[in-house]
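J.: I am attaching a structure below and will ask some questions about it afterwards.
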Amino acid sequence: MNNSRFHTALRRACRSMRRAAISLFAGLSLTVGLGHAAEPVKVGVLLPYTGTYAALGEAITNGMKLAVSQAGDKLGGREVEYVIVDSEANPSKAPANMQKLISGEHADFIVGPVHSGVGMGMAKVARDEGAITIIPNAGFNAATGPLCAPNIFRTSFTSWQTAYPMGAVAKERGYDRVVTMTWDYGFGRESVAAFKEAFSKAGGEIVKEIYVPFPNVEFQAQLTEIANLKPDAVFVFFAGGGAVKFVKDYAAAGLHGKIPLLGSGFLTDGTLQAQGDTAEGILTTLHYSTELQNPANLKFLKDYRAAFGKEADIYAVQGYDTGRLLVQAMEEVGGNTEDRQALIAALASQRIDSPRGEWAFSEAHNPVQNIYLREVRNGRNVVVGTPAKGLADPARGCRM
Amino acid sequence: MDPAFLLIQVLNGVQYGLLLFLIASGLTLIFGIMGVINLAHGALYMVGAYLAFWFTSRTGSFWLAILLALPLTVLLGLVIERWFMRALYKRNHLDQVLLTFGLILVLNECQSILFGNDVHGVPVPAPFSGSIPLTDVLSYPVYRLFVSFVCALIAVGMYFLIQHTRLGMVIRGGASNREMMAGMGINVHTVFGLVFAAGTALAAFAGMISAPLSSVYPGIGDSVLIISFVVVVIGGIGSIKGAFLGALMVGLTATFGTVFLPELSGAVVYALMAAVLLWRPRGLFA
Amino acid sequence: MRSMPLKVNVILAALLVVLATYPLYGELLFPQQHDYYLQKLTFIVILAILAMSLDLLVGMSGLVSLAHAAFFGLAGYTLALTAPQYEPISLWIALPAALAAAAAAALVIGALTLRTRGVYYILATLAFTQMIYFVFHDSDFAGGSDGMFLFFKPTVSIGERVLFDLEDRTTFYLFCLGALAATYLLLRMLLRSPFGHVLVGIKENEIRIRSLGYNPPVFKLIAFVIAGVFAGLAGFLAVAQYGFANPSLLGWHQSAEALLMVLLGGMGTLFGPVLGAFAFELLHQLFAGWTEHWQLLMGAFVIAAVLLLPKGLGGLLLKLTRTRPPAGGG
């Protein structure tokens, strides 16, 4: 009996102590918050630094840091603090990593990822938590489609944008029967689907769709099959290490020069040096080429080479544009990250003078941009046409 | 089905299988003779590939690179055996699995620190860089034929070593009865050190000669690890002949699996292993 | 299994209290990080359930199984597959379904792998794990290599009355903690039962047990299925927590990590793996905070742990709290 009275009193005491402690802490935080403007901006980065996409993660990070350092290493007048987490291109760790950046580090912005599977996990958490997330690569349609949200932005592309224009190009060049090949995961399937959509609409026939488990790079059996089918052309999506291997194997199997190879630009971006002669003549569609002659690109290539001692590629450009986006938007709001509505509006309204050409966001927060047709000549992606100008992704399923 | 197509796929499967044999043979020797599960075997393959890339880019010659890299990998094998494996002989399988798992993490991270994370190509060495036309469209890379030839040569060499030499006798004896070997005055530690170093060198060499075929990038060790275990289990632990035939079986199954059952190609090889284990729990040729 | 020294029981109870009351003081101690730490703790608690269930096999029955992640992942995927896309599923439907899937898989895989011995057993379990992994990874019915989403956590209600709102992070944490405690108590009861005694006897001396008239494979199979069911419980909670099911939940790396936790914590003690789960995750965070090459430190630590701490943290704890040698032959 005594016990229960004692327990009630104890509980009440604990409750009031707890309330006092919380108000004390709240008071302190408010004081700290007023001095918030002087606090650094935290940019959380979730990119792969190990595994087959590691070079892409590095290039995006370099590009972003270059843009920010060109603006004096400040965003809206505030210092920048990067919190870097290795995504390992592992989708299963994506939600936990996102939470680390959001609830653990209280990052103001999250930049990432490369891999579309990781992107799916990130997008879900971003939607639930409302964290401002900028995707510098992962092109899965859903991010600016069914999973779109006001706080999610993408500075790269959708799989649709980079593959759809090639469908018409293929038909124009007289290819009627095409075999497609790609890794069997979201992005690969989406790319092939987009190509098929355009190609079939123009009257072409997809003879066979070959899917290779991701991230396998043993292609010998499939190349034999392609040779057996004798199509007019082959359309593929591969990126990173897989792209290098595929192009080399294609040539070693004697198909190079006999059956034209088409692809979305990732096949030949950041990979030409490793591919060497085997890439000659490959046609790709992409929203960028290192050979573009606009002033922004020429300056960017020079600056990147000077800063990092490496040649820039599409991934570096996307990182750079992400940095520019942050710089410009933060300048517009005067460094104020507290008013999220204003910040989101500022982000959505930016025009980026990018090495790929000027672009702005569509309503679903994906870049509206040109798609270039590139041909590999003498180890360079020469731009031979612009099959789509100001192409906006249809953002199917996005409701904002 | 076009017979030429089938034949070429058989060629593909055999080539893949022969390469797997090189990796699996080292594994089965280590398993069979020393009774140790070495999960880091795949990482050793990776070490070979990276060394081949590095020396080739420094010296310009692929052959010189192999000549330089091989002694290094033998040394690495001896070091690993002395420091880590030796502690595991008396331990249970769980400890072996975990310690070698830790070794994988260490080796992978060393690769990342020393060589970075970019994808690297290794040019196919000059005399073998062409392709032989097989049909009007398809050619077969000469280098792949060369690789198959080398693997087959090594297989024959191993056969002779194991079956017809004294060293081979010691190895076969050690596989069946360690205590007896020690009782007969043979220095078990030396034999083990040699076997482990040899197994390491075989895996690393496999990595070196495949480097021009695949690119060199982080994670290539993991992809060969499990499949080489499958080969060993199918063939029977400790049996070189088993490793050879098991490797061919796996190579052909994987190749034809990717062509005819692409959605299940990954699972098919494991289904094969499961089937073999159920029929012959000790492997086909133990 | 001999009963634990009183001191150890007290320490364990104290740890449980510390964990259970964390939501109360967590906000005070870490106002900025509390939410994040709560989620991390929840995750560790779920891993602890997985590790504990594995101890039943590794520590008690002597079966080094690399297949454990298969049951973890299958239960998780079952939840993701059975849940409708735009509304939550009831726990009373989802949990039994997930556990049944895990149990069925464990029955089949157990029956097939227990035909092998020693090192072949380990590899057989590895083969089956990989097979299931590739089925999920290479085909599309469950999202392939990208995985699939669970948009709502399961509801726990009777009729109209909600018992637990799992969408609330604190409630979810306490729910998982409760599951951990229940798992521990159930497994302890099992091991103290005659069944449990036979199981431990099989690990010590199988021939003797057989001569007493018991059939070891049957006992091992039952243990395998029970362990699989608890692994399934952990998998169910894991997917519920982050709302994301992915093939790597089924992969052999996941199994190896679970084994690591068992080793770190100490095999055969049942509570050891809980300590192991904490140790592993905390070390992971620590190393990752120091360097991007944290895997190097982790690998080195694993090697050192195997060489120097064969009985893990649990064994250490037992050694420290032992006041006198155990009576009888043990």
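J.: Tell me, which residue of segment A:164-184 that is open to solvent by 10 Å² or more (accessible area, probe 1.4 Å) and within 22 Å of A:Gly119 (Cα to Cα) is modelled with the highest pLDDT?
T.: A:Tyr164
J.: State all residues of segment C:280-321 that are buried (at least 21 other Cβ atoms within 10 Å of the Cβ) and within 18 Å of C:Ile46 (Cα to Cα); if no residue qualifies, say none.
T.: Scanning segment C:280-321 gives a single hit, C:Phe280.
J.: Please determine, by comparing only the residues of segment A:265-290 that are under 21 Å from A:Met64 (Cα atoms) and either among the polar types (S, T, N, Q) or more than 21 Å from the chain's Cα centre (by Cα) (or both), which one is modelled with the lowest pLDDT.
T.: A:Thr271
J.: Another question, then. Consider only pairs whose beta carbons are under 9 Å apart and that are at least six residues apart or on different chains; among these, list those whose first residue lies in segment C:261-289 and is without any contact (Cβ under 8 Å) to a residue 24 or more places away in the chain and part of a helix (DSSP H, G or I) and whose second residue is of a type in the set (Asp, Glu) and surrounded by fewer than 24 Cβ atoms within 10 Å (Cβ to Cβ).
T.: C:Ala288/A:Asp86
J.: Scan segment C:297-316 and report the pairs whose first residue is within 7 Å of another protein chain (Cβ to nearest Cβ) and within 21 Å of B:Ser112 (Cβ to Cβ) and whose second residue is among the charged types (D, E, K, R) and part of a helix (DSSP H, G or I), with Cβ atoms within less than 9 Å and a gap of 6+ or a chain change.
T.: These pairs meet every condition: C:Met298/B:Glu109; C:Gly299/B:Glu109.
J.: How many of the residues in segment A:339-387 are outside any helix (DSSP H, G or I) and either open to solvent by less than 40 Å² (accessible area, probe 1.4 Å) or within 30 Å of A:Gln275 (Cβ to Cβ) (or both)? Break it down stepwise before answering.
T.: First, pick out the residues of segment A:339-387 that are outside any helix (DSSP H, G or I): A:339, A:349-387.
From what's left, either open to solvent by less than 40 Å² (accessible area, probe 1.4 Å) or within 30 Å of A:Gln275 (Cβ to Cβ) (or both): A:350, A:352, A:354-357, A:359-362, A:364-367, A:369-387.
Selection size over segment A:339-387: 33.
J.: For segment C:213-230, does any single residue satisfy the condition of being assigned to a helix (DSSP H, G or I), closer than 30 Å to C:Leu6 by Cβ, touching a helix residue (DSSP H, G or I) at 6+ places or on another chain (Cβ under 8 Å) and within 12 Å of chain B (Cβ to nearest Cβ)?
T.: So in segment C:213-230, the residues assigned to a helix (DSSP H, G or I) come out as C:216-230.
Narrowing the set further to residues that are closer than 30 Å to C:Leu6 by Cβ leaves C:223, C:226-227, C:230.
Filter once more, so that each one left must be touching a helix residue (DSSP H, G or I) at 6+ places or on another chain (Cβ under 8 Å): C:223, C:226-227, C:230.
Right, trim to within 12 Å of chain B (Cβ to nearest Cβ) and you get none.
The answer is no, given that none of the residues of segment C:213-230 is assigned to a helix (DSSP H, G or I), closer than 30 Å to C:Leu6 by Cβ, touching a helix residue (DSSP H, G or I) at 6+ places or on another chain (Cβ under 8 Å) and within 12 Å of chain B (Cβ to nearest Cβ).
J.: Pairs, please: C-beta under 6 Å, at least 6 apart or cross-chain, first residue assigned to a helix (DSSP H, G or I) and in segment A:74-99, second among the β-branched types (Val, Ile, Thr)?
T.: From segment A:74-99, the pairs are A:Pro91/A:Val118; A:Ala94/A:Val118; A:Pro95/A:Val125; A:Asn97/A:Val85; A:Met98/A:Val125.
J.: Something else: Restricting attention to segment A:57-82, which residues are open to solvent by 20 Å² or more (accessible area, probe 1.4 Å) and over 17 Å from the mean Cα position of the chain (by Cα)? Before the answer, list the steps.
T.: Kept after step one, since they are open to solvent by 20 Å² or more (accessible area, probe 1.4 Å), are these residues of segment A:57-82: A:58, A:62, A:65, A:69-74, A:76-77, A:79-82.
Those that are open to solvent by 20 Å² or more (accessible area, probe 1.4 Å) and over 17 Å from the mean Cα position of the chain (by Cα): A:Ser69, A:Gln70, A:Ala71, A:Gly72, A:Asp73, A:Lys74, A:Gly76, A:Gly77, A:Glu79, A:Val80, A:Glu81, A:Tyr82.
J.: Among residues belonging to segment A:39-51 that are open to solvent by less than 30 Å² (accessible area, probe 1.4 Å) and within 14 Å of chain B (Cβ to nearest Cβ), point out the one that is nearest to the chain's Cα centre (by Cα). If you could, list the steps in order and put the result at the bottom.
T.: First pass over segment A:39-51, keeping only residues open to solvent by less than 30 Å² (accessible area, probe 1.4 Å): A:41, A:43-48, A:50-51.
Narrowing further to those that are within 14 Å of chain B (Cβ to nearest Cβ): A:47-48, A:50-51.
Numbers: A:Leu47: 10, A:Pro48: 12, A:Thr50: 17, A:Gly51: 17 Å.
By that ranking, first place goes to A:Leu47.
J.: Please work out which one of (1) modelled with pLDDT of 90 or more; (2) aliphatic (A, V, I, L, M); (3) in contact with a helix residue (DSSP H, G or I) (Cβ under 7 Å, 6 or more places away or on another chain) is the condition B:Val79 fails and give its number.
T.: Checking B:Val79 against (1) modelled with pLDDT of 90 or more; (2) aliphatic (A, V, I, L, M); (3) in contact with a helix residue (DSSP H, G or I) (Cβ under 7 Å, 6 or more places away or on another chain), the one that fails is (3).
J.: In segment B:257-277, how many residues are over 11 Å from C:Ala127 (Cα atoms), open to solvent by 50 Å² or more (accessible area, probe 1.4 Å), among the hydrophobic types (A, V, I, L, M, F, W, C) and in a helix (DSSP H, G or I)?
T.: The number of residues fulfilling the criteria is 2.
So that you can scan it fast, the table gives a plain yes or no per residue for (1) within 27 Å of B:Ala267 (Cβ to Cβ); (2) touching a strand residue (DSSP E or B) at 6+ places or on another chain (Cβ under 7 Å):
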| site | (1), (2) |
| --- | --- |
| A:Pro215 | yes, yes |
| A:Ile226 | yes, yes |
| A:Val247 | no, no |
| A:Thr268 | no, yes |
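J.: Now, a different point. For segment C:199-212, give me the residue count where each residue is outside any helix (DSSP H, G or I) and within 27 Å of the chain's Cα centre (by Cα).
T.: Filtering segment C:199-212 for residues outside any helix (DSSP H, G or I) gives C:205, C:212.
Then drop every residue that is not within 27 Å of the chain's Cα centre (by Cα), which leaves C:205.
Qualifying residue count for the region: 1.
J.: Among helices (runs of 4 or more DSSP H) lying entirely in segment B:1-83, which contain 3 or more residues that are farther than 26 Å from B:Leu161 by Cα and within 11 Å of another protein chain (Cβ to nearest Cβ)? Even if it seems obvious, please write down each step before you answer.
T.: Details: elements: B:3-34, B:41-59, B:62-80.
It comes to B:3-34.
J.: Oh, and also: Could you count how many residues in segment A:96-124 are within 13 Å of chain C (Cβ to nearest Cβ), buried (at least 23 other Cβ atoms within 10 Å of the Cβ) and within 25 Å of C:His137 (Cβ to Cβ)?
T.: Selection size over segment A:96-124: 12.
J.: Give segment A:194-245 a look and list any residue that's within 30 Å of B:Ser223 (Cα to Cα), free of Cβ contacts under 8 Å to residues at least 60 places away in the same chain and more than 8 Å from every other protein chain (Cβ to nearest Cβ), or say none. Quick ask: steps written out before the conclusion?
T.: First, the residues of segment A:194-245 that are within 30 Å of B:Ser223 (Cα to Cα): A:208-229, A:234-245.
Within this subset, residues satisfying the condition of being free of Cβ contacts under 8 Å to residues at least 60 places away in the same chain are A:208-214, A:216-229, A:234, A:236, A:238, A:243-245.
A:Lys208, A:Glu209, A:Phe219, A:Ile226, A:Leu229, A:Val234, A:Val236, A:Phe238, A:Ala243 - these are the residues of segment A:194-245 that are within 30 Å of B:Ser223 (Cα to Cα), free of Cβ contacts under 8 Å to residues at least 60 places away in the same chain and more than 8 Å from every other protein chain (Cβ to nearest Cβ).
J.: Further question: With (1) in a helix (DSSP H, G or I); (2) open to solvent by 20 Å² or more (accessible area, probe 1.4 Å) as the list, and B:Val233 as the residue in question, which single condition is left unmet?
T.: (2)
J.: Hey, among the residues in segment A:136-152 that are out of contact with any helix residue (DSSP H, G or I) (no Cβ under 6 Å at 6 or more places or on another chain) and not polar (S, T, N, Q), which one's nearest to A:Phe187 (Cα to Cα)?
T.: Across segment A:136-152, the extreme among qualifying residues is A:Ala142.
J.: Before we move on, is B:Glu109 of a type outside the set (Phe, Trp, Tyr), within 13 Å of chain C (Cβ to nearest Cβ), out of contact with any Asp or Glu (no Cβ under 6 Å at 6 or more places or on another chain) and open to solvent by less than 40 Å² (accessible area, probe 1.4 Å)? Step through it out loud before you land on a result.
T.: Values: of a type outside the set (Phe, Trp, Tyr): yes; within 13 Å of chain C (Cβ to nearest Cβ): yes; out of contact with any Asp or Glu (no Cβ under 6 Å at 6 or more places or on another chain): yes; open to solvent by less than 40 Å² (accessible area, probe 1.4 Å): yes.
For B:Glu109, the condition - of a type outside the set (Phe, Trp, Tyr), within 13 Å of chain C (Cβ to nearest Cβ), out of contact with any Asp or Glu (no Cβ under 6 Å at 6 or more places or on another chain) and open to solvent by less than 40 Å² (accessible area, probe 1.4 Å) - is met.
J.: Taking the residues in segment A:148-163 that are in a helix (DSSP H, G or I) and in contact with a His (Cβ under 7 Å, 6 or more places away or on another chain) as candidates, determine which candidate is surrounded by the most Cβ atoms within 10 Å (Cβ to Cβ).
T.: Taking segment A:148-163 as the starting set, the residues that turn out to be in a helix (DSSP H, G or I) are A:159-163.
Pick out the ones that are also in contact with a His (Cβ under 7 Å, 6 or more places away or on another chain) and you get A:161-162.
Details: A:Gln161: 27, A:Thr162: 30.
Step by step, filter segment A:148-163, then rank; the result is A:Thr162.
J.: Can you confirm whether segment C:4-24 contains a residue that is outside the structural domain of C:His137 (by TED's automatic domain parsing) and aromatic (Phe, Trp, Tyr)? I'd like the intermediate steps shown before the answer.
T.: Taking segment C:4-24 first, the residues outside the structural domain of C:His137 (by TED's automatic domain parsing) are C:4-24.
Applying the additional criterion that residues be aromatic (Phe, Trp, Tyr) yields C:22.
The answer is yes, given that some residue of segment C:4-24 is outside the structural domain of C:His137 (by TED's automatic domain parsing) and aromatic (Phe, Trp, Tyr).
J.: Give the residue that is most open to solvent (accessible area, probe 1.4 Å), with candidates limited to residues of segment C:127-142 that are more than 7 Å from chain B (Cβ to nearest Cβ) and among the hydrophobic types (A, V, I, L, M, F, W, C). Working first, answer last.
T.: Taking segment C:127-142 and keeping what is more than 7 Å from chain B (Cβ to nearest Cβ), we get C:129, C:132-133, C:136, C:140-142.
Now restrict to residues that are among the hydrophobic types (A, V, I, L, M, F, W, C): C:132, C:136, C:141-142.
Values: C:Ile132: 31, C:Phe136: 17, C:Phe141: 119, C:Ala142: 0 Å².
Residue satisfying both the conditions and the ranking: C:Phe141.
J.: Additional query: Test C:Leu54 against the stated conditions and say whether it is touching a residue at least 12 places away in the same chain (Cβ under 8 Å) and assigned by TED's automatic domain parsing to the domain that holds C:Tyr184. If you could, list the steps in order and put the result at the bottom.
T.: Details: touching a residue at least 12 places away in the same chain (Cβ under 8 Å): yes; assigned by TED's automatic domain parsing to the domain that holds C:Tyr184: no.
For C:Leu54, the condition - touching a residue at least 12 places away in the same chain (Cβ under 8 Å) and assigned by TED's automatic domain parsing to the domain that holds C:Tyr184 - is not met.
J.: Also: What's the total number of residues in segment A:133-147 that are more than 10 Å from chain C (Cβ to nearest Cβ) and crowded, with 23+ Cβ neighbours inside 10 Å?
T.: The qualifying residues number 10.
J.: Would you list the helices (runs of 4 or more DSSP H) that sit entirely within segment A:201-315 and hold 3 or more residues that are small (Gly, Ala, Ser) and either over 23 Å from A:Gly357 (Cβ atoms) or open to solvent by 10 Å² or more (accessible area, probe 1.4 Å) (or both)? Working first, answer last.
T.: Numbers: elements: A:220-229, A:240-252, A:272-275, A:295-308.
Those helices (runs of 4 or more DSSP H) span A:240-252, A:295-308.
J.: Hey, another quick one. So C:Ala181 passes all but one of these: (1) open to solvent by 40 Å² or more (accessible area, probe 1.4 Å); (2) over 30 Å from A:Ser116 (Cβ atoms). Which condition number does it fail?
T.: So the condition that C:Ala181 fails would be (1).
The values are calculated or read from the model by the stated rules, or taken from the named source; none is laboratory data. This one's a predicted model, so the numbers in the text were calculated from it and none came from an experiment. Cβ coordinates were reconstructed from backbone atoms using ideal geometry, including for glycine residues, and neighbour counts include every protein chain displayed. Areas reflect the complete protein model, heavy atoms only, side chains present, ligands, DNA and RNA absent. Shrake-Rupley method; radii C 1.70, N 1.55, O 1.52, S 1.80 Å.
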